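Asker: Can you keep this structure in mind? I'll have questions shortly.
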Amino acid sequence: MYVRPAFRRWGIRCGLALAIAIAIGYVPGQVARRDPRAAKLEAQIEELTVEGRELAARNAALRREIAALRSDIGAIENRARADLGMVYPDEIVLRLERPQVSEAP
């Protein structure tokens, strides 16, 4: 099959241009993936994401506790007893210390 030299020349040029465009788009992405700094930053992002989820869960628990303290008398009483050591006048408070267990052989 005969192909004119001009078509052959333009076909080669288009093929080379396509190969160069693919190389320009593909190679930097592969280099960035292998960059140790990028891997380190991705690990930091993952750690911060996990920490953010933990903090969000803690914030939600604190919000529930705040809502309970604003509306529930029992929660207020429990908090006052636990944190401030408050008791009613006719109550007796017994503080028990746990025995210390020594791990000596």
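Asker: What number of residues in the stretch 79-101 are more than 27 Å from R64 (Cβ to Cβ) and either in contact (Cβ under 8 Å) with a residue 12 or more places away in the chain or surrounded by 10 or more Cβ atoms within 10 Å (Cβ to Cβ) (or both)?
Answerer: 0
Asker: Does R98 count as part of a helix (DSSP H, G or I), at negative phi and basic (K, R)?
Answerer: No; evaluated as a whole, the condition is false for this residue.
Asker: Could you please let me know if R33 is at pLDDT below 80, surrounded by 10 or more Cβ atoms within 10 Å (Cβ to Cβ) and among the charged types (D, E, K, R)?
Answerer: yes
Asker: To continue, here is another question. List the number of the failed condition for A104; all other conditions in (1) in a helix (DSSP H, G or I); (2) at pLDDT below 80 hold.
Answerer: With respect to (1) in a helix (DSSP H, G or I); (2) at pLDDT below 80, A104 is out only on (1).
The values are calculated or read from the model by the stated rules, or taken from the named source; none is laboratory data. Every value quoted in this text rests on a predicted model; they were computed, and no experiment measured them. A quick note on method: Cβ atoms are made from the backbone with ideal geometry, for glycine too, and the neighbour counts reach across all protein chains shown.
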